[in-house]
Ligand code: SF4
């Protein structure tokens with residue numbers, strides 16, 4: 001009997017996730033067993049989380065001009081990327097984007113800014129925007145503002161922020177090859193702070209930056225120690241001018257294996273399709289939804305355009321799934 005069939009009985013009858021050695025075995029499965037792996041990942045998510053797909057939209061409320069040097073990012077001042085740059089958007093623009101998000105069928109809206117961490121003025125702008133969005137829409141508000149101090153995390157929680165996004169980006173052993181201006185440990189500290197103050201932690205990474213399969217597995221288990229309620233999986237979309245500009249995008253089948261592996265390590269939380277899926281997955285995007293994914297970022301990403309949210313809503317419906325709204329913590 002293959003490992004997929006063995007695990008199927010185990011994972012569906014006992015709420016357990018796979019162990020690192022099992023993950024290693026699964027990512028080495030021959031290509032003909034990929035459909036069985038995806039099917040198991042889908043069954044596990046249906047069994048432990050349920051049906052449906054949660055949609056979230058984000059706004060890049062402050063774009064470009066970031067002091068950090070994350071090698072995948074077109075918003076860093078260290079690279080010569082042709083990315084747009086703007087200060088914190090006027091409140092009516094942020095509110096307009098939130099209303100459009102609600103109209104698209106998404107339930108969650110994330111305010112993202114390109115900074116190492118927010119200063120006082122940025123916090124004031126963000127808190128004002130959160131208050132306005134919560135007063136005017138029924139959206140759950142998330143934030144992604146970089147490294148936080150405790151008083152900032154508490155202020156966001158008190159303002160009603162449901163989840164805070166802070167990706168580990170990469171495994172500890174690979175992170176120094178991607179970022180030199182802050183450490184992996186600093187990122188972990190902010191993740192722990194988010195948990196400590198009682199916001200839901202949304203933390204994932206970017207796949208396809210040159211890491212090995214072993215480092216993808218390492219990232220997954222390092223995330224598991226942090227207890228996220230949601231994992232965004234980004235696939236590298238190589239941006240011109242960045243040090244990763246010339247990396248070839250992942251193969252769709254490699255992305256699908258990654259999704260299935262994460263699902264089997266995290267049976268009952270949101271695994272969210274994030275940046276790069278259109279480029280990397282192409283026509284295979286739908287397979288991710290029946291291979292472990294239960295959340296999507298829809299609309300545009302931070303510096304790249306996504307496809308219209310209506311196409312994703314249709315894809316979800318075509319797969320016999322519903323767009324759902326739920327609290328995952
Ligand atoms: S990923 Fe974030 S912190 Fe890193 S350079 Fe881009 S905006 Fe700055």
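Output yes when any residue across region 254-275 is within 16 Å of the ligand (Cβ to nearest atom), in a helix (DSSP H, G or I) and closer than 24 Å to residue 143 by Cα, and no when none is. Checking region 254-275: not a single residue is within 16 Å of the ligand (Cβ to nearest atom), in a helix (DSSP H, G or I) and closer than 24 Å to residue 143 by Cα.
Matching residues to (1) away from the ligand (no atom under 16 Å from the Cβ); (2) under 28 Å from residue 325 (Cβ atoms):
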site: 46; (1), (2): yes, yes
site: 60; (1), (2): no, yes
site: 66; (1), (2): no, no
site: 93; (1), (2): yes, yes
site: 96; (1), (2): yes, yes
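Criterion first (under 28 Å from residue 13 (Cβ atoms) and touching a residue at least 40 places away in the same chain (Cβ under 8 Å)) does residue 225 satisfy it? Before the answer, list the steps.
Working: under 28 Å from residue 13 (Cβ atoms): yes; touching a residue at least 40 places away in the same chain (Cβ under 8 Å): no.
The answer is no for residue 225.
Among the residues of region 124-144, not a single one is within 16 Å of the ligand (Cβ to nearest atom), more than 20 Å from the chain's Cα centre (by Cα), assigned to a loop (DSSP other than H, G, I, E, B) and at pLDDT 95 or above. Scanning region 68-77 for residues that are at pLDDT 95 or above and surrounded by fewer than 20 Cβ atoms within 10 Å (Cβ to Cβ), we see that the one that is nearest to residue 124 (Cα to Cα) is 68.
Please enumerate the residues belonging to region 211-225 that are part of a loop (DSSP other than H, G, I, E, B) and surrounded by 15 or more Cβ atoms within 10 Å (Cβ to Cβ). Before the answer, list the steps.
If we filter region 211-225 for residues that are part of a loop (DSSP other than H, G, I, E, B), which is where we start, we get 211-212.
211 - this is the single residue of region 211-225 that is part of a loop (DSSP other than H, G, I, E, B) and surrounded by 15 or more Cβ atoms within 10 Å (Cβ to Cβ).
Among the residues making up region 158-185, those that are more than 30 Å from residue 253 (Cα to Cα) and surrounded by fewer than 16 Cβ atoms within 10 Å (Cβ to Cβ) are 158, 160, 180, 181, 183, 185.
Report whether or not residue 210 is modelled with pLDDT of 95 or more and closer than 29 Å to residue 159 by Cα. Steps first, answer last, please.
Numbers: modelled with pLDDT of 95 or more: yes; closer than 29 Å to residue 159 by Cα: no.
No: the conditions fail for residue 210.
Condition (residue is within 16 Å of the ligand (Cβ to nearest atom), within 19 Å of residue 252 (Cα to Cα), out of contact with any strand residue (DSSP E or B) (no Cβ under 7 Å at 6 or more places or on another chain) and touching a residue at least 12 places away in the same chain (Cβ under 8 Å)) applied to region 194-209: is it met by at least one residue? Looking for residues that are within 16 Å of the ligand (Cβ to nearest atom), within 19 Å of residue 252 (Cα to Cα), out of contact with any strand residue (DSSP E or B) (no Cβ under 7 Å at 6 or more places or on another chain) and touching a residue at least 12 places away in the same chain (Cβ under 8 Å), one finds at least one in region 194-209, hence yes. Scanning region 259-304 for residues that are at positive phi and at pLDDT 90 or above yields a count of 3.
Does residue 112 satisfy being under 22 Å from the mean Cα position of the chain (by Cα), under 30 Å from residue 324 (Cβ atoms), surrounded by 17 or more Cβ atoms within 10 Å (Cβ to Cβ) and within 16 Å of the ligand (Cβ to nearest atom)? Yes: the conditions hold for residue 112.
Are any residues in region 79-91 free of Cβ contacts under 8 Å to residues at least 40 places away in the same chain, within 16 Å of the ligand (Cβ to nearest atom) and in a loop (DSSP other than H, G, I, E, B), and if so, which ones? So that I can check it myself, show each step before the final result.
To start, the set of residues in region 79-91 that are free of Cβ contacts under 8 Å to residues at least 40 places away in the same chain comprises 85-90.
Restricting the remaining residues to those that are within 16 Å of the ligand (Cβ to nearest atom) gives 85-89.
Residues satisfying the conditions are 85, 87, 88, 89.
Pick out the one residue from 249, 240, 228 that is in a loop (DSSP other than H, G, I, E, B) and crowded, with 20+ Cβ neighbours inside 10 Å. I'd like the intermediate steps shown before the answer.
Working: 249 fails: crowded, with 20+ Cβ neighbours inside 10 Å; 240 fails: crowded, with 20+ Cβ neighbours inside 10 Å.
None of the others qualify; the one that does is 228.
The values are calculated or read from the model by the stated rules, or taken from the named source; none is laboratory data. Because the structure is predicted, anything quoted here is derived from the model rather than measured. Cβ: placed from backbone, ideal geometry, glycine included. Neighbour counts: every protein chain shown.
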